[in-house]
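The values are calculated or read from the model by the stated rules, or taken from the named source; none is laboratory data. Not measured: the values here are computed from a predicted model. With ideal geometry, Cβ positions are generated from the backbone for all residues, glycine too; neighbour counts draw on all protein chains shown. The area values use the complete protein model at the heavy-atom level, side chains included, leaving out ligands, DNA and RNA. Shrake-Rupley method; radii C 1.70, N 1.55, O 1.52, S 1.80 Å.
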Amino acid sequence: MDSLLKPFTPKKAAFGRHETFALRYGWLTKGFQALQVDPHIFNSDASTVVLGVGKNMVNSIRYWLRATQMIEATEEGWQATELGQSIFAEEGWDPYLEDEATLWLIHWMLATNSELATAWYWFFNCFHKTEFNSEEAGNDLARFVRENLKGKHSERTVRHDINVLLKMYSQGKQGVKVEIEDILDAPLASLKLITPSQHSHYFQCRNTAQDNLPLAIVAFAVNEIFNQRKLAILPISELMYGENLGIAVGSVFKLTEGELLAKLELIVGNYPDIFNINETAGINQLYRQKENKPSVSFLQDYYENKDRATS
């Protein structure tokens with residue numbers, strides 16, 4: 001089956017498409033629902049009135065809907081994807097982002113879309129420093145671009161993407177009260193994937209247990225890796241770290257090796273007819289025994305029966 005993953009391809013990379021605006025709470029809902037009413041809203045002069053923001057923000061809302069793969073381009077304009085319809089339609093699973101699982105899903109969609117959100121893909125799949133400041137992360141991303149994209153992108157724009165990313169995932173300084181305005185400006189910060197360090201102007205991004213990460217989101221992600229790789233067997237080490245700049249479940253969700261394995265074992269317990277773990281030549285491997293379960297169906301299992309799908 002086809003995968004929604006957009007693995008890294010040097011000829012397809014994008015920086016700065018967000019018009020300098022980080023994703024804000026409510027933007028995906030507002031933009032998606034406006035598109036349902038008017039398929040041409042993002043190209044309409046009425047867009048600023050309907051969405052209640054300036055023209056640059058209209059473009060940013062459209063970008064974030066595209067980067068999270070909730071909408072897609074067509075010859076006629078823009079339309080909802082199956083995933084976007086399932087989440088954000090009026091009768092969708094979570095149109096107002098009331099369930100943290102949806103934020104985990106949005107994070108996954110961004111971090112695995114190297115074509116439209118290259119900095120997000122790079123940070124969560126290729127950048128493994130546990131403590132850093134924005135300058136260090138910017139330097140490393142700029143080096144990645146020089147080495148892999150032959151300097152075809154403005155270094156200033158590339159570095160600015162790091163600032164936007166950090167704003168999206170980190171709220172204020174450690175020990176400082178967070179204002180409601182900051183929460184609205186950084187909905188993904190609630191995942192605590194990036195946190196302020198004790199050292200001034202530094203951040204931490206460490207692998208942990210991620211107890212609030214639902215199993216169904218991990219199952220969705222794992223199934224997508226299988227679909228993208230078109231394999232029936234994957235070493236768990238590849239799911240943890242990836243290879244050759246590949247997308248990795250452990251890296252994107254910032255899981256420890258032990259916690260990834262523990263979550264995979266629980267997924268096997270929930271879906272024994274689909275997944276199995278075996279050791280071959282001393283290597284733990286995950287087997288997918290059926291290919292015909294669409295990835296989105298794991299999400300459906302969660303949203304329609306949360307008690308069974310949550311860890």
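Every condition in (1) open to solvent by less than 10 Å² (accessible area, probe 1.4 Å); (2) touching a helix residue (DSSP H, G or I) at 6+ places or on another chain (Cβ under 8 Å) is met by Lys55 except one, and the failing one is (1). In the set Glu279, Glu291, Glu243, Glu224, only one residue is more than 26 Å from Gln85 (Cα to Cα) and not in a strand (DSSP E or B); that residue is Glu243. Scan the range 152-209 for residues that are at positive phi, touching a helix residue (DSSP H, G or I) at 6+ places or on another chain (Cβ under 9 Å) and either modelled with pLDDT of 95 or more or among the small types (Gly, Ala, Ser) (or both) and the total you get is 2. Could you go through the range 298-309 and let me know if any residue there is surrounded by fewer than 14 Cβ atoms within 10 Å (Cβ to Cβ) and closer than 22 Å to Lys230 by Cα. No, there is no match, as no residue in the range 298-309 is surrounded by fewer than 14 Cβ atoms within 10 Å (Cβ to Cβ) and closer than 22 Å to Lys230 by Cα.
The combined condition, being surrounded by fewer than 18 Cβ atoms within 10 Å (Cβ to Cβ), under 23 Å from Tyr303 (Cα atoms) and in contact (Cβ under 8 Å) with a residue 60 or more places away in the chain, is fulfilled by Glu82. Listed by first and then second residue, the pairs with beta-carbon distance under 6 Å, at least 6 apart or on different chains, first residue in the range 148-161 and part of a loop (DSSP other than H, G, I, E, B), second at pLDDT below 95 and open to solvent by 50 Å² or more (accessible area, probe 1.4 Å), are Leu149/Pro10.
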